[in-house]
Every structure is written in structure tokens, then in C-alpha cells.
1. Kindly indicate which of Thr41, Thr34 is closer than 12 Å to Gln85 by Cβ and polar (S, T, N, Q).
2. Identify, please: which residue in region 1-24 is free of Cβ contacts under 8 Å to residues at least 40 places away in the same chain and within 10 Å of Val78 (Cβ to Cβ) and is, among those, least open to solvent (accessible area, probe 1.4 Å)?
3. Considering region 73-94 alone, what residues qualify as being in contact (Cβ under 8 Å) with a residue 40 or more places away in the chain and outside any helix (DSSP H, G or I)?
Amino acid sequence: MMILTEEKKQQILASLKQDYVPFSDVFHEICADTLADMIMTGSLDTEEGQNDHHQLSHLKHAYFNLVPERYVEVLPTVEQVLQLQDKYQKRRFG
């Protein structure tokens, strides 16, 4: 389970406060890479993979509803996406 350190959380919030675009680009890329890992592992053919794909889509939508106005609320969403990323990277490369 991937959890952001307090230092990393503060870096993300500071980045979003200054200019939300750079971290949002990174977040979008993480989502795209996670989806690619889901596809490459054949996970979308399973109920679990379909549920995770739905969750990823929901989280991405939630992120962009919060940013930029409510960016301070975005960390739980980022952590959930990073957990999905970790799960599917391990399946693909582990």
C-alpha cells in the first residue's frame, strides 16, 4: 500500500497552490499509465479489473472537480490512484 509521506503531501499541495497545471499533468499521466498496466495485464477482463477501472475513472473525475479551487482536499484521491498504480505495476512487472 503506497502512502504519501507528510513531506510529499506538502510538496504536492505547495505545487498545486502555486500552479495546479504541472502536478495535474503528472496526475493525468499516472492515471493513463495505470490504465495501460490494467490493459497489459488483461485485468480488464476480470470483474476486479473492471471495478478498479471504474474506480480509477471516478477518482480522475473527482480530482479534476477539486482542482484548482479545492486543491487542499485532493490528497486522499491522489493516494487512492497511487495505490491502484502500485497494484497494477506489481502485476505487470512484479
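1. Unique residue meeting the criteria: Thr34.
2. Ranking the qualifying residues of region 1-24, first place goes to Phe23.
3. Hit for region 73-94 is Val74, nothing else.
This table checks each residue for (1) open to solvent by less than 90 Å² (accessible area, probe 1.4 Å); (2) over 14 Å from Leu16 (Cβ atoms); (3) in contact (Cβ under 8 Å) with a residue 60 or more places away in the chain.
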{"residue": "Ile30", "(1), (2), (3)": "yes, yes, no"}
{"residue": "Asp37", "(1), (2), (3)": "yes, yes, no"}
{"residue": "Met40", "(1), (2), (3)": "no, yes, no"}
{"residue": "Asp45", "(1), (2), (3)": "no, yes, no"}
{"residue": "Gly49", "(1), (2), (3)": "yes, yes, no"}
{"residue": "Leu59", "(1), (2), (3)": "yes, yes, no"}
{"residue": "Tyr63", "(1), (2), (3)": "yes, no, no"}
{"residue": "Pro68", "(1), (2), (3)": "yes, no, no"}
{"residue": "Tyr71", "(1), (2), (3)": "yes, no, no"}
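The values are calculated or read from the model by the stated rules, or taken from the named source; none is laboratory data. Every value quoted in this text rests on a predicted model; they were computed, and no experiment measured them. Cβ: placed from backbone, ideal geometry, glycine included. Neighbour counts: every protein chain shown. Note: areas computed on protein heavy atoms with side chains; ligands, DNA, RNA excluded. Shrake-Rupley method; radii C 1.70, N 1.55, O 1.52, S 1.80 Å.
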